[in-house]
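Step one of this worksheet: look at the structure below.
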Amino acid sequence: MRTMASIEDLRQTARRKVPRAFFEYAEGGSYAEQTLNANCADLERIRLRQRILVDVSERSTRTTILGEPVSLPLVLAPIGLCGMQHGDGEILACRAAQEAGIPFTLSTMSICSIEDVAAAVAKPFWFQLYVMKDRGFVRALVERAIAAKCSALVLTVDLQILGQRHRDVRNGMTVPPEWRLKTILDIASKPGWALSVARGKRKTFGNLAGHIRGMENVNSLSHWIAGQFDPALNWKDVEWIAGLWPGKLILKGILDVEDARIAAQTGAAALVVSNHGGRQLDGAPSSIAALPPIAEAVGSSIEVLFDGGIRSGQDLMRAIALGARACLSGRAYIYGLGAGGQAGVARAIEIIHNELDVSMALTGVTSIGEIDRRVIAAM
Ligand SMILES: Cc1cc2nc3c(=O)[nH]c(=O)nc-3n(C[C@H](O)[C@H](O)[C@H](O)COP(=O)(O)O)c2cc1C
């Protein structure tokens, strides 16, 4: 992994190692991918302000998220089917995050279950919840997250209906999954991946299998899931979840100032400014365009987290400068996982960490608390 100099290097390696259908599932966005592309493009357009002759010999990237100390302001985002980028992907990514001193978030749609991950790692992790129509199942899932001692519940609020991803349609990543000859031949040409997935604990949705009567295989479960996203989801459900969950609640998927103001009044500990990595409403603003007015509107009433397009430490700095307390990373760590399992995720975190540290030095700041609009160059 030492020769991997950037997240782009990890991406290129993952592209070679992971079957195309799964790589493109991670890489792609919804419809014309305008919002997906804008997430990265708008971040890149923000120029950092070079400062000189400031003593930056003592620097620290340490900070806190929801009161918990972290080595840098980064969280691994919830990723559905993470264990299809590499066998046992959720466990490996969680271990890498915990060794690096940052939180990991397990998706409802993970391959390894909450219990699998809890048994395999040293510390508590965050759990991400989708509210399905079957509220009994949702309640049971929250109880399982409590039993596993998860340290925060991330309630995703931007997927009440699924945006179409054209690449998934073309690759047969549909309901039910289509096993095309092209996909089978592609998998046969990726023996390292096939071996890691074959050796992995599970091959289907770990949090669901065995918990829904009659639904055991990928086909029946993916049908169940497709019918379970709930277009009736509303703020009353947030109240209901807040009543079930005794710990810290995070609302993920907020892109509008009005919604952010309401979120701040729910008692949630944090919100995540996010467009689901450009996978839901195509044509929505980039996350970085949405961040400053939201941060300004909610002030210090709720912690503001951010995701969408983070591919470097410079990006992390840009988002923090514009009002984020910390950022979630999705694809950047998934590329690491596909490229090299746990070592690849560790490398992705290290790359972003080193880039953040050097960017701090070259913009003349020595602590995360000092990063604000003054590190942004006037354009
Ligand atoms: C392959 C993939 C699967 C995802 N699955 C979930 C999920 O299960 N739950 C969720 O809340 N967000 C999910 N997301 C969104 C991420 O948590 C995050 O918001 C997004 O990836 C951030 O953008 P980035 O990939 O540019 O860092 C997924 C994103 C990707 C790329």
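The values are calculated or read from the model by the stated rules, or taken from the named source; none is laboratory data. Here the structure is a predicted model, which is why all the values come from computation and not from measurement. Ideal geometry is used to build each Cβ from the backbone, glycine not excepted, and the neighbour counts take in all protein chains shown.
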What is the number of the single condition among (1) surrounded by fewer than 24 Cβ atoms within 10 Å (Cβ to Cβ); (2) within 15 Å of the ligand (Cβ to nearest atom) that residue 321 does not meet?
-> (2)
From the options 282, 237, residue that is crowded, with 18+ Cβ neighbours inside 10 Å and of a type in the set (Asp, Glu) | 282
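State which residue is farthest from the ligand (Cβ to nearest atom) when the search covers only the range 114-127 and only residues that are in contact (Cβ under 8 Å) with a residue 60 or more places away in the chain and in contact with a strand residue (DSSP E or B) (Cβ under 9 Å, 6 or more places away or on another chain).
The initial filter retains those residues of the range 114-127 that are in contact (Cβ under 8 Å) with a residue 60 or more places away in the chain, namely 114, 116, 126.
Now drop any that are not in contact with a strand residue (DSSP E or B) (Cβ under 9 Å, 6 or more places away or on another chain), which leaves 114, 126.
Details: 114: 13, 126: 11 Å.
Ranking the qualifying residues of the range 114-127, first place goes to 114.
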Determine which single condition residue 213 fails, assuming it passes every other condition in (1) at pLDDT 90 or above; (2) over 30 Å from residue 281 (Cβ atoms); (3) among the charged types (D, E, K, R).
-> (1)
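Rundown of residues vs (1) out of contact with any strand residue (DSSP E or B) (no Cβ under 9 Å at 6 or more places or on another chain); (2) over 30 Å from residue 262 (Cα atoms); (3) among the β-branched types (Val, Ile, Thr), yes/no style:
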{"residue": "174", "(1), (2), (3)": "yes, yes, yes"}
{"residue": "188", "(1), (2), (3)": "yes, yes, no"}
{"residue": "217", "(1), (2), (3)": "yes, yes, no"}
{"residue": "220", "(1), (2), (3)": "yes, yes, no"}
{"residue": "225", "(1), (2), (3)": "no, no, yes"}
{"residue": "235", "(1), (2), (3)": "yes, no, no"}
{"residue": "241", "(1), (2), (3)": "no, no, yes"}
Across the range 171-195, which residue is nearest to the ligand (Cβ to nearest atom) among those that are closer than 30 Å to residue 252 by Cα and not aliphatic (A, V, I, L, M)?
-> 171
Residue 206 vs. criteria touching a residue at least 60 places away in the same chain (Cβ under 8 Å) and surrounded by 18 or more Cβ atoms within 10 Å (Cβ to Cβ) | yes
Kindly list the number of the only condition in (1) surrounded by 24 or more Cβ atoms within 10 Å (Cβ to Cβ); (2) in contact with a Leu (Cβ under 6 Å, 6 or more places away or on another chain); (3) touching a residue at least 60 places away in the same chain (Cβ under 8 Å) that fails for residue 274.
-> (2)
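Let's see how each residue does on (1) under 22 Å from residue 273 (Cα atoms); (2) touching a strand residue (DSSP E or B) at 6+ places or on another chain (Cβ under 9 Å):
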site	(1), (2)
102	yes, yes
145	no, yes
168	no, no
192	no, no
In the range 150-170, anything within 13 Å of the ligand (Cβ to nearest atom) and either of a type in the set (S, T, N, Q) or closer than 28 Å to residue 184 by Cβ (or both) is listed as 156, 160, 162, 163, 165, 167, 168
Residue that is of a type in the set (Lys, Arg) and either in contact with a Lys or Arg (Cβ under 6 Å, 6 or more places away or on another chain) or over 23 Å from residue 25 (Cβ atoms) (or both), where the choices are 347, 311, 374 | 374
Listed by first then second residue, the pairs whose first member lies in the range 96-113 and is on the phi < 0 side of the Ramachandran plot and charged (D, E, K, R), whose partner is in a strand (DSSP E or B) and surrounded by fewer than 22 Cβ atoms within 10 Å (Cβ to Cβ), with beta carbons under 9 Å and at least 6 positions apart or on separate chains, are none
Any hit, the range 28-42, residues being without any contact (Cβ under 8 Å) to a residue 24 or more places away in the chain and either within 14 Å of the ligand (Cβ to nearest atom) or of a type in the set (S, T, N, Q) (or both) | no
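Can you tell me which residues in the range 289-326 are of a type outside the set (A, V, I, L, M, F, W, C), within 19 Å of residue 279 (Cβ to Cβ) and outside any strand (DSSP E or B)?
Here is the first cut: in the range 289-326, the residues of a type outside the set (A, V, I, L, M, F, W, C) are 292-293, 296, 299-301, 303, 307-309, 311-315, 318, 323, 325.
Going one step further and asking which of them are within 19 Å of residue 279 (Cβ to Cβ), we end up with 307-309, 311, 315.
Those that are of a type outside the set (A, V, I, L, M, F, W, C), within 19 Å of residue 279 (Cβ to Cβ) and outside any strand (DSSP E or B): 308, 309, 311, 315.
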Does the range 51-64 contain any residue that is within 16 Å of the ligand (Cβ to nearest atom) and closer than 30 Å to residue 120 by Cβ?
-> no
Check residue 84 against each of (1) away from the ligand (no atom under 11 Å from the Cβ); (2) crowded, with 19+ Cβ neighbours inside 10 Å; (3) not hydroxyl-bearing (Ser, Thr, Tyr) and name the one condition it does not meet.
-> (1)
Just name the residue that is farthest from the chain's Cα centre (by Cα) out of those in the range 288-309 that are on the phi > 0 side of the Ramachandran plot and within 16 Å of the ligand (Cβ to nearest atom).
-> 309
Pairs under 6 Å by beta carbon, first residue over 21 Å from residue 139 (Cα atoms) in the range 209-220, partner at pLDDT 80 or above, six or more apart or different chains?
-> 218/204
